[in-house]
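Student: I'd like to ask some things about the structure below.
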Amino acid sequence: MRRATLSLALVALLLAGASPAVASGFDVRLGGFFPRGRDCGIPSNRPAEYTLFQDVCELYVPEGHGLGDMDWKSEFNGLYGGIEYNQVLTNNVELGISFDGYSQTVDTSYRDYERPGGGEIFQSLKFNMLPLGLSVRFVPTNKKARIVPFVGGGVDAIFYQYEEYGDFIDFADPELTIYPDAFVADGTAFGVHALGGLRVYLNRDIAIVGEGRYQWATDEMDDDFSPNEPGLVNTIDLSGWTATLGVHIRF
């Protein structure tokens, strides 16, 4: 993970120091991230490896949803945006370094448990993600084109943090004591992405950009989310779609 992060940082420095005679550009974008998550059909036997979202499905229900509601994935859809510097390498090929951000908080309660006197037990789930990405784009048009499609792909170092805070049940206690607490896990995952989009130039140097991207990344969670049972791991799934709209400035 550290090598991937250092490699991306080195590429960023090389791009920043590239010759001004070579065409380059800068993008600012904003849109949404739609995590892949995992189906919330609760299995009768937990597998040896499972995603964080499966764990969430088993324990909690989003605030305002019925107990039988299994459609969890859309709850983590959230705002996504960032910046990118890109450099023309050869005709029709660009290299870009980007830094984006995403954050979403979901209010929940326990699916199958209530307080002794009745009433729900509430907690909040917060998911933050900061992808640092390196992308190669194929741009099949020339500089004079007004409408410019592109496709590409690349690699990412994704810095993430997942937190649960609120009231929780101590399942090791036969009395199922309820207590306030917070649990946090953070880390860096290495992933890959594919992308495609369209630039529509308003003039020679400024374009409106629409882009769709899918990233694949997972990581084994530690810190407060390390399972106590031997042979089990908590795997957080950072994969999903992004859709953004932004401005590209060519210089």
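The values are calculated or read from the model by the stated rules, or taken from the named source; none is laboratory data. This one's a predicted model, so the numbers in the text were calculated from it and none came from an experiment. Cβ coordinates were reconstructed from backbone atoms using ideal geometry, including for glycine residues, and neighbour counts include every protein chain displayed.
Student: Mind listing just one residue for me: the one in region 164-201 that is part of a strand (DSSP E or B) and of a type in the set (Ser, Thr, Tyr) and, of those, nearest to the chain's Cα centre (by Cα)?
Tutor: Thr188
Student: When the residues of region 88-103 are filtered to those that are surrounded by 18 or more Cβ atoms within 10 Å (Cβ to Cβ) and not small (Gly, Ala, Ser), which remaining residue is farthest from Arg199 (Cα to Cα)?
Tutor: Tyr102
Student: Also: Which numbered condition trips up Glu120, out of (1) over 25 Å from Gly64 (Cβ atoms); (2) more than 22 Å from the chain's Cα centre (by Cα); (3) at pLDDT below 95?
Tutor: Only one criterion in (1) over 25 Å from Gly64 (Cβ atoms); (2) more than 22 Å from the chain's Cα centre (by Cα); (3) at pLDDT below 95 is unmet by Glu120, namely (1).
Student: If you check Ala157 against the conditions, is it in contact (Cβ under 8 Å) with a residue 24 or more places away in the chain, surrounded by 13 or more Cβ atoms within 10 Å (Cβ to Cβ) and either under 15 Å from Asp223 (Cβ atoms) or under 15 Å from the mean Cα position of the chain (by Cα) (or both)?
Tutor: In short, yes.
Student: Condition check: touching a helix residue (DSSP H, G or I) at 6+ places or on another chain (Cβ under 7 Å), within 30 Å of Asp224 (Cβ to Cβ) and either surrounded by fewer than 16 Cβ atoms within 10 Å (Cβ to Cβ) or modelled with pLDDT under 95 (or both). Does Arg115 satisfy that?
Tutor: Spelling it out, it is not the case that Arg115 is touching a helix residue (DSSP H, G or I) at 6+ places or on another chain (Cβ under 7 Å), within 30 Å of Asp224 (Cβ to Cβ) and either surrounded by fewer than 16 Cβ atoms within 10 Å (Cβ to Cβ) or modelled with pLDDT under 95 (or both).
Student: Could you pull out the residue among Arg137, Arg115 that is among the charged types (D, E, K, R), farther than 21 Å from Gln54 by Cβ and assigned to a strand (DSSP E or B)?
Tutor: Arg137
Student: So which of Ser103, Ser98 ends up being over 19 Å from Ala207 (Cβ atoms), modelled with pLDDT of 90 or more and not aromatic (Phe, Trp, Tyr)?
Tutor: Only one candidate passes the filter, namely Ser103.
Student: A further question on this structure: Can Asp237 be described as surrounded by 14 or more Cβ atoms within 10 Å (Cβ to Cβ), among the acidic types (Asp, Glu), under 19 Å from Tyr60 (Cβ atoms) and touching a helix residue (DSSP H, G or I) at 6+ places or on another chain (Cβ under 8 Å)?
Tutor: yes
Student: If I ask for residues that are among the small types (Gly, Ala, Ser) and surrounded by 19 or more Cβ atoms within 10 Å (Cβ to Cβ), which ones from region 134-154 would you list?
Tutor: Of everything in region 134-154, those that are among the small types (Gly, Ala, Ser) and surrounded by 19 or more Cβ atoms within 10 Å (Cβ to Cβ) turn out to be Ser135, Gly152, Gly154.
Student: If you check Val106 against the conditions, is it aliphatic (A, V, I, L, M) and touching a Pro at 6+ places or on another chain (Cβ under 8 Å)?
Tutor: yes
Student: Are any residues in region 180-220 basic (Lys, Arg) and surrounded by fewer than 21 Cβ atoms within 10 Å (Cβ to Cβ), and if so, which ones?
Tutor: Residue satisfying the conditions is Arg204 alone.
Student: Test of understanding: among Gln123, Gln215, which residue is within 20 Å of Leu59 (Cα to Cα), in contact (Cβ under 8 Å) with a residue 60 or more places away in the chain and among the polar types (S, T, N, Q)?
Tutor: Gln123
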